[in-house]
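Notes to accompany the following structure.
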Amino acid sequence: MSEFLAMGGYAWYVWMSYGAVALALIVETVVVRARRKRALKELRMMTPSTPVGRMRGAR
Amino acid sequence: MLINWYRFSSPVSFYPLASIGAHVFGIFAALLAGAGLFVALYVAPTDATQGDAYRIIYVHVPAAWMAMFIYLVMAGWSAAALGFNARLSAMMAQALAPTGAIMAALALWTGAFWGRPTWGTYWAWDARMTSTLILLFLYLGVLALRNAIEDPRRADRACALLTLVGAVNVPIIYFSVQWWNTLHQGSSISFTVAPKMAATMVAGILIMTAAAWCYTIAVALARVQAIIVERERGATWLESLIDLRQRGIGRSPA
C-alpha cells in the first residue's frame, strides 16, 4: 500500500494531479446540486397557491 | 417513430428529460471513473522512461480534451441560440461554461504537475500551454460577461457572440503541436496511426475520457435544470412542472 502511495517517487506530482481533479469535480457537483435545490425552494416560495402544498406533499 | 423533437426545444418539456439525463449520466460517470481509475492506477504498467509520473496522463488528457470539446459544444449551442433565437440553446451554453472552465483549469494544473518531473518546469510559454491558458480566459470571459449583463436574453446574445469569436482558438490549440516546434509533445492518441502505447494505457485513457464525457453531460444537465427554474419562474408552465413532479417525473435525483 505504501509502495502504491509512493508512486515510484512521484507521489507529489501524481497525487496533486489526481487530488485536484477529484476535489474540483466533487465541489462542482455539490455546488450545482445546491443551486438546483435553492432554485426549486425559491420557486416554491414564489408560488404560494395550491400547487405549493401539493408539491411539498409530493416530496 | 413519430416523436416531435421540437417539443423538447422548450424549457418546460426539456426539464424532466434533463432530470432523467442528469441521473443516468451521473451513474455512468461514477461507474466509468471507478473502472478507469482501476486501470490507470493499478492495471496499467509503469512507463519505462517516465516511471509512475506518466500516470498523470489518465487525468490530463481527458481534462484537456473535454476543455476543447465543451467549448465546441458551447459554440454549437451559441450558434443555435443566435440563429433560432432559442432560449433553451442559450441555457445549454450557459450551463456548459463553468464545467469547461474547470476542465481547462484542470488540464493546465495536471499539465504543470506532469511537466515538472518530465520537462523540469511547471510552466513554459509553449504554444499549446499558452493557447490552453487563453481557452481558460475565454471561459472566464464568457462567465464574467454573463454576470455583467442584467437582462438574461441580452446576456445570451452577448455570450453567444463572444463564444463564437473565441472558437477560433480551439483549432489553434489542437494543431499547435504541429504548427509550432513546441515543448509539448504531439498527440498521444491518433485516429490514423496505430498507438505507440500499451493497449492497457490506451484503454485507460479512453475509459477516463468516457467518464469525463458522462460527468460533463450529467453536471451540465443538472445545472441547466437550475437555470431553467431560475430564469423561467413566474412563467405559467412551471405549474405543469409541479404537476410532473407530483407524478414523480422530473424529480431531482436524490
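The values are calculated or read from the model by the stated rules, or taken from the named source; none is laboratory data. It should be emphasised that the depicted structure is a prediction, and the values quoted were computed from it without experimental measurement. Please note: Cβ atoms are built from the backbone with ideal geometry, for glycine as well, and neighbour counts cover all protein chains shown. Each accessible area value is taken on the protein alone, full model and side chains, heavy atoms only, with ligands, DNA and RNA left out. Shrake-Rupley method; radii C 1.70, N 1.55, O 1.52, S 1.80 Å.
Inter-chain neighbour count for B:105-118: the average number of beta-carbon atoms from partner chains within 10 Å of each residue's beta-carbon is 4. In the context of the full set of protein chains, region A:2-46 has a per residue accessible area of 61 Å² (1.4 Å probe).
Which residues among region B:129-145 fall inside the zone where the amide N is under 17 Å from a point 7 Å beyond the Cα of A:A34, along Cα→Cβ? Taking a point 7 Å out along Cα→Cβ of A:A34, no residue of region B:129-145 has its backbone N under 17 Å.
What's the Cα-based Rg to Rh of region B:57-104, Rh via Kirkwood? Walk me through the numbers on the way to the answer.
Working: Rg = 12.0 Å, Rh = 10.9 Å.
Radius of gyration relative to Kirkwood radius: 1.09.
Scanning chain B for DSSP H helices at least 27 Å long along the axis (C-alpha atoms) with a Kyte-Doolittle mean no lower than -0.5 picks out B:11-38, B:57-84, B:87-119, B:127-148, B:199-232. The ellipsoid that matches the Cα gyration tensor of region B:44-193 has semi-axes, each √(5λ) in whole angstrom, of 33, 14, 14, with the longest given first.
The heavy atoms of B:E230 present about 60 square angstrom of accessible area, all protein chains included, probe 1.4 Å.
Within 10 Å of the Cβ of each residue in A:37-43, the mean number of Cβ atoms contributed by other protein chains is 5. Extent of region B:53-136 along its three principal axes (Cα atoms, max minus min coordinate, largest first): 49, 23, 13 Å.
The ellipsoid that matches the Cα gyration tensor of region B:122-167 has semi-axes, each √(5λ) in whole angstrom, of 27, 10, 4, with the longest given first.
Comparing the full protein assembly with the isolated chain (1.4 Å probe, heavy atoms, ligands and nucleic acids excluded), the residues of region B:40-55 losing at least 10 square angstrom of accessible area are B:L41, B:Q50, B:D52, B:A53, B:R55. Mean per-residue shielding of peptide B:218-227 is 4, counting Cβ atoms of other chains within 10 Å of each Cβ. The alpha carbon convex hull volume per residue for region A:2-46 rounds to 55 Å³.
Skip the ligands, DNA and RNA, and give the accessible area per residue of region B:66-107 with a 1.4 Å probe, whole Å².
Working: 1260 Å² over 42 residues.
Ligands and nucleic acids excluded, the figure is 30 Å² per residue.
Where Rh denotes the Kirkwood radius from the mean inverse Cα pair distance, what is Rg over Rh for chain B?
On the way: Rg = 20.2 Å, Rh = 19.8 Å.
So for chain B, dividing Rg by the Kirkwood Rh gives 1.02.
If we sort A:22-28, B:161-167, B:52-58 on the protection proxy, mean other Cβ atoms within 10 Å, highest first, what's the order? Provide the component values of the computation, followed by the final result.
On the way: A:22-28: 14.6, B:161-167: 17.6, B:52-58: 24.1.
Ranked by mean Cβ neighbours within 10 Å, highest first: B:52-58, B:161-167, A:22-28.
Structure remark: mean-square fluctuation, Gaussian network model of chain B, C-alpha springs under 10 Å; the largest value among B:P98, B:P16, B:P171 belongs to B:P171.
How would region B:133-192 be classified by its alpha-carbon gyration tensor: rounded, prolate or oblate, with rounded meaning a/c under 1.5 and the a/b versus b/c comparison settling the rest? Before the final figure, lay out each step's value.
Details: a/c = 3.73, a/b = 2.88, b/c = 1.30.
Note, shape of region B:133-192 comes out prolate.
For region B:1-90, the spherically averaged projection of the C-alpha convex hull amounts to 8.5 nm².
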